[in-house]
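> Shown below is the structure under consideration.
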Amino acid sequence: MKLVSFNDYQVGTIDGDHIVNITEAIPSGLDSMPQFRMNWLIEHWATAQAKVKDLQSSGTRINLSAVKLLTPVPKPPHVFAAPANYRKHIGELGSRSVSKGRSAREQGFFLKAPGSVTGPADAIELPHSGRRFDHESELAVIIGKHGRNIPRAEAFDYVFGYSCLIDATMRIEPGVAEEERSMRKSFLGFTPVGPYLVTKDEVPNPQELDNRLWVNDDLRQSANTRDMIVGIAELIELISSVLPIQPGDIIASGTPEGVGPITVGDTVKISIDGVGEMEIAVRRVPAASPWKF
Ligand code: MN
């Protein structure tokens, strides 16, 4: 099933070029905080699924072109992120890792601010700055259940689904400005996630997916999730060993080679097999910030 958030945080499923409104499957108690509807649906999926399936035939159908798609999980409790996480392409450097000793296995994970997450209709908005900004093409893993100390063999029981995620970054300038990674990656709009969330039953092997990213028409990143250094299950084991994971948490599973610059006027397209495709514009943030970067 492909789940979306749209318009004023209504929830729907995708059926071809239509959305079916399934918001009724979520208690009206959440009408006063609709941005949390998807978190509720994910957490209560086991019991809510029957109602969702009923609504798929009886719910209001709306043409996709007539709605504003929001990011599927507008209020993720956490956005965990893995550092660069793919072995180089065979033919480039054999099976040598991207950056030895710098994967999540050695460095652990880092955090992106949940408030940086935006959707397919939003742009990556660069601050008024002469600094370089980069794209990273990543498979987003959406957590479905609460859990702590989850061994990797059980990790996929805690996965709800997948989405496409662009991890935008302000690059460090060694010796000049080497701010914390979490801050450089947490500008509003630096974590586009979407266009929808695909439930895990539709992605039988998440470690066998092509992950590609274009800037304008230029293919910049092309890899397969089988080449991840630290796989999804191991990432979940690591993160849940530090703190409890929660329904709606997002894991940015790390980028392959080919990270490169984005500038105002570019269009970034991410495509992950069976998970979706999303085009995001790069713009200048309208209002200059008082803090200069
Ligand atoms: Mn990244």
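The values are calculated or read from the model by the stated rules, or taken from the named source; none is laboratory data. Nothing here was measured: the structure is a model prediction, and the numbers come from that model. Neighbour counts run over all protein chains shown; Cβ positions are idealised from the backbone, glycine included.
> Looking for something over 16 Å from the mean Cα position of the chain (by Cα) and free of Cβ contacts under 8 Å to residues at least 12 places away in the same chain - is there at least one such residue anywhere in segment 227-234?
No; the residues of segment 227-234 include none that is over 16 Å from the mean Cα position of the chain (by Cα) and free of Cβ contacts under 8 Å to residues at least 12 places away in the same chain.
> Separate question: I need the full set of residues from segment 234-252 which are part of a helix (DSSP H, G or I) and either touching a strand residue (DSSP E or B) at 6+ places or on another chain (Cβ under 6 Å) or under 21 Å from Ser137 (Cβ atoms) (or both), in order please.
Glu234, Leu235, Ile236, Ile239, Ser240
> Another question, if that's okay. Collect the residues in segment 1-29 that are over 17 Å from Gly194 (Cα atoms) and surrounded by fewer than 18 Cβ atoms within 10 Å (Cβ to Cβ), keeping them in residue-number order.
Listed by number, the residues that qualify are Glu24, Pro27, Ser28, Gly29.
> Taking segment 250-270, which residues are away from the ligand (no atom under 16 Å from the Cβ) and buried (at least 18 other Cβ atoms within 10 Å of the Cβ)?
Asp266, Lys269
> Continuing with the same structure: Could you list, in sequence order, the residues of segment 35-58 that are out of contact with any Pro (no Cβ under 8 Å at 6 or more places or on another chain), under 14 Å from Val4 (Cα atoms) and either modelled with pLDDT under 95 or among the polar types (S, T, N, Q) (or both)?
Once the filter is applied, which keeps residues that are out of contact with any Pro (no Cβ under 8 Å at 6 or more places or on another chain), under 14 Å from Val4 (Cα atoms) and either modelled with pLDDT under 95 or among the polar types (S, T, N, Q) (or both), segment 35-58 yields only Gln56.
> Looking at segment 119-139 only, could you name the residues that are part of a strand (DSSP E or B) and more than 16 Å from the ligand (Cβ to nearest atom)?
Glu125, Leu126
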